[in-house]
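The values are calculated or read from the model by the stated rules, or taken from the named source; none is laboratory data. As the structure is a computational prediction, the values presented were derived from the model and not from experiment. Using ideal geometry, Cβ is built from the backbone for each residue, glycine included, and neighbour counts are taken over all protein chains shown. Quick note on the areas: whole protein, heavy atoms, side chains included, nothing else; ligands and nucleic acids left out. Shrake-Rupley method; radii C 1.70, N 1.55, O 1.52, S 1.80 Å.
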Amino acid sequence: MPNTTPITPAGVELSTNPDSTDSHRETVQVRLPASGAIPKIDVYFLVDSTGSMTGIIDAVRARVEEILNRLVTAAGQVGADVQFGVGNYRDLDFPAAQRFHHQLSLTASSAAAAHGIGAWTTAGGTTTAEGQYFALDHLAQPPGGTIGWRADAKRIILWIGDAPAHDPICQSVSGLTYNITEHSVIDKLQVEGIVVLVVSTPSGASGPGLDVDPVPLSNGTPYQGNCPIGGTAGQGSRVAAATGGTYTDGITPATIVQTIIDLGTTGIGTIGNVRLVPGREIEPFVQIHPAGYGPFPGTQEQLLDFELEFPSATPATTAPTTREISVEGDVEVDVDGVRTGSTRVKITVPDLTGRYKIRCTLSDLYLQLDDPNWTGDGANIDQNVDNGAPAVQWELVPVSGGGYRIKNCDPARDRYLEVVGMSTANGAEVLTRSDPNGEHKEWLFVPAGAAVGGRPVFRIQNLHSGKVLDVKNQSLDPDARVSQQGYWGDYPTYQEEHNQHWVLERV
């Protein structure tokens with residue numbers, strides 16, 4: 001990751017605070033240099049090459065060297081090197097290789113790009129709607145693939161067309177293992193951080209434009225009997241807006257070259273958005289204000305202040321006698337989809353010694369003895385309402401270099417939470433016994449997240465098995481048993497309300 005946008009401070013270290021719902025706020029500053037904030041820019045030219053585009057394509061081919069020279073100059077002015085790729089698309093009744101013809105992977109050679117654009121030719125199709133979603137689906141790929149996108153480059157597709165897209169493109173038509181839709185295409189483009197500059201050319205030929213209703217223009221082969229006809233007006237505008245690009249309509253052969261130059265140089269020379277993006281590990285613990293800054297000229301230095309808000313956190317305190325438990329991750333600077341700097345965040349768990357009620361965030365019920373009147377070993381554990389009895393209270397007793405013993409506060413006898421039989425299996429019972437010894441009776445409180453106005457959330461992990469406390473079958477009912485299970489709570493994204501997430505309420 002190029003460190004072109006330094007962030008201050010370089011690191012933040014905090015502790016969870018189970019006794020407070022207040023937030024810790026940390027101001028960080030990003031310096032955006034006057035040149036070189038984005039060191040690399042990739043521009044891919046994508047054109048509709050069906051018959052109605054002849055006039056537009058002829059105009060671009062005639063002045064292709066001028067277009068590329070202007071874009072190279074614009075990149076130089078912001079301290080970036082630029083590479084170009086070239087491709088074209090047609091209707092879905094054409095052979096698969098022509099539905100999207102990837103002509104040139106990203107290259108620094110303007111001559112090669114000019115040759116690729118110069119090779120554009122046109123041919124007719126059986127429907128007015130075209131296959132641009134097929135092309136955009138192929139272009140929305142990670143760096144290092146067949147298109148040649150670079151990992152640390154701002155990626156731009158300059159898309160020129162005069163007719164709307166078939167939507168959906170079914171597997172039976174595409175030959176792929178999935179259906180292509182406007183929604184799926186936009187999702188993939190957003191995931192890859194690709195900006196789309198959309199040029200609609202309805203006035204220069206017979207095409208109606210990229211934003212018109214595709215339904216009456218999508219019948220005929222190969223759709224008949226193979227794929228439903230759908231989509232709505234405004235496709236081009238929505239793709240542009242969703243990717244942080246622009247939509248330009250009404251372009252003719254007389255205006256197409258200047259339009260490409262204007263859009264291309266602006267796209268290269270302007271920083272559209274600067275934001276901070278927390279990594280998956282640290283995302284559940286931080287909220288970022290504002291959402292982003294921009295647009296800016298790429299030739300002006302910017303000093304941008306962000307506030308990181310950490311709910312239920314305080315500056316790092318003295319480490320407890322137990323083993324250190326922490327979560328670490330980066331908050332990265334994202335400049336138009338390019339990660340250009342970061343600050344490291346570490347969330348530690350302070351000394352938790354004391355008495356607590358332990359509440360499941362999914363059910364809002366509390367961990368407690370199933371039957372406090374049972375005074376023998378092997379008492380069952382479940383979740384239940386808080387009736388004020390000592391059986392709903394637990395004392396965390398630290399073990400030097402280990403975890404915490406979780407001792408029930410019912411006065412009948414000393415009872416400690418354990419995994420029965422030192423089991424490492426999913427679903428193994430969690431009971432209480434009077435003997436406090438053994439790693440299967442020690443527990444780690446691992447931060448899982450925190451919400452504004454709420455308390456920090458933990459997963460409670462057995463030191464011996466590595467499994468966590470889990471309410472069986474995600475039950476919301478009182479008396480539902482608690483067992484151990486492998487932790488799945490961070491997949492695919494953090495959920496505060498979860499049968500493996502617990503809140504500590506100090507007594």
Working only within region 452-480, note down all residues that are open to solvent by less than 20 Å² (accessible area, probe 1.4 Å) and hydrophobic (A, V, I, L, M, F, W, C). VAL457, PHE458, ILE460, VAL468, LEU469, VAL471, ALA480
Given the criteria open to solvent by 40 Å² or more (accessible area, probe 1.4 Å), within 30 Å of SER20 (Cβ to Cβ) and either at pLDDT 95 or above or not assigned by the TED database to the domain that holds VAL195 (or both), does GLU309 qualify? no
Given the conditions (1) under 30 Å from ARG155 (Cβ atoms); (2) in contact with a Phe, Trp or Tyr (Cβ under 6 Å, 6 or more places away or on another chain), which single one is not true for VAL345? (2)
Taking ASN426 as the residue in question, decide whether it is loosely packed, with under 13 Cβ neighbours inside 10 Å, assigned by the TED database to the domain that holds GLN461 and at pLDDT 95 or above. yes
Would you be able to say whether some residue in region 99-108 is more than 20 Å from SER200 (Cβ to Cβ) and part of a loop (DSSP other than H, G, I, E, B)? yes
In the set THR322, THR299, THR317, which member is touching a residue at least 60 places away in the same chain (Cβ under 8 Å), surrounded by fewer than 16 Cβ atoms within 10 Å (Cβ to Cβ), outside the structural domain of LEU463 (by the TED database) and touching a Gly at 6+ places or on another chain (Cβ under 8 Å)? THR299
If the Cβ limit is 9 Å and pairs must be 6+ apart or interchain, which residue in region 4-23 that is β-branched (Val, Ile, Thr) and modelled with pLDDT under 90 pairs with which residue that is surrounded by 21 or more Cβ atoms within 10 Å (Cβ to Cβ) and not in a strand (DSSP E or B)? THR4/ALA37; THR4/ILE38; THR5/ALA37
How many of the residues making up region 345-372 are part of a strand (DSSP E or B) and closer than 24 Å to PRO278 by Cβ? 4
Flagged in region 435-461 as in contact (Cβ under 8 Å) with a residue 12 or more places away in the chain and of a type in the set (S, T, N, Q), in numbering order, are GLN461
Just for region 24-53: of the residues that are surrounded by 15 or more Cβ atoms within 10 Å (Cβ to Cβ), under 19 Å from THR299 (Cα atoms) and among the aliphatic types (A, V, I, L, M), which one is modelled with the highest pLDDT? ILE41
Working only within region 373-402, note down all residues that are open to solvent by 50 Å² or more (accessible area, probe 1.4 Å), touching a Lys or Arg at 6+ places or on another chain (Cβ under 8 Å) and not in a strand (DSSP E or B). THR375, ASP377, ASP386
Could you check how many residues of region 226-274 are assigned to a loop (DSSP other than H, G, I, E, B), polar (S, T, N, Q) and open to solvent by 40 Å² or more (accessible area, probe 1.4 Å)? 4
Give me the pairs, please: first residue somewhere in region 128-141 and assigned to a loop (DSSP other than H, G, I, E, B), second residue anywhere and of a type in the set (Asp, Glu) and surrounded by fewer than 21 Cβ atoms within 10 Å (Cβ to Cβ), beta-carbon distance under 6 Å, and either six or more positions apart or on two chains. ALA140/GLU192
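Residue by residue, here is whether (1) hydrophobic (A, V, I, L, M, F, W, C); (2) more than 31 Å from the chain's Cα centre (by Cα) holds:
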{"residue": "PRO9", "(1), (2)": "no, no"}
{"residue": "ASN17", "(1), (2)": "no, no"}
{"residue": "GLU26", "(1), (2)": "no, no"}
{"residue": "GLN29", "(1), (2)": "no, no"}
{"residue": "LEU32", "(1), (2)": "yes, no"}
{"residue": "ILE41", "(1), (2)": "yes, no"}
{"residue": "PHE45", "(1), (2)": "yes, no"}
{"residue": "THR50", "(1), (2)": "no, yes"}
Tell me the residue from ARG405, ARG344, ARG413, ARG433 that is more than 18 Å from ASP479 (Cα to Cα) and outside the structural domain of HIS464 (by the TED database), please. ARG344
If you check ARG415, ARG433, ARG405, which single one turns out to be more than 20 Å from GLN500 (Cα to Cα), in contact with an Asp or Glu (Cβ under 9 Å, 6 or more places away or on another chain), of a type in the set (D, E, K, R) and open to solvent by 10 Å² or more (accessible area, probe 1.4 Å)? ARG433
Any residue at all in region 92-113 that's touching a Pro at 6+ places or on another chain (Cβ under 9 Å), open to solvent by less than 10 Å² (accessible area, probe 1.4 Å) and not aromatic (Phe, Trp, Tyr)? yes
Exception for PRO284 within (1) surrounded by 15 or more Cβ atoms within 10 Å (Cβ to Cβ); (2) assigned to a loop (DSSP other than H, G, I, E, B) falls at (2)
Could you say whether any residue in region 356-372 is more than 26 Å from ARG323 (Cα to Cα), surrounded by fewer than 16 Cβ atoms within 10 Å (Cβ to Cβ), over 42 Å from the mean Cα position of the chain (by Cα) and of a type outside the set (Asp, Glu)? no
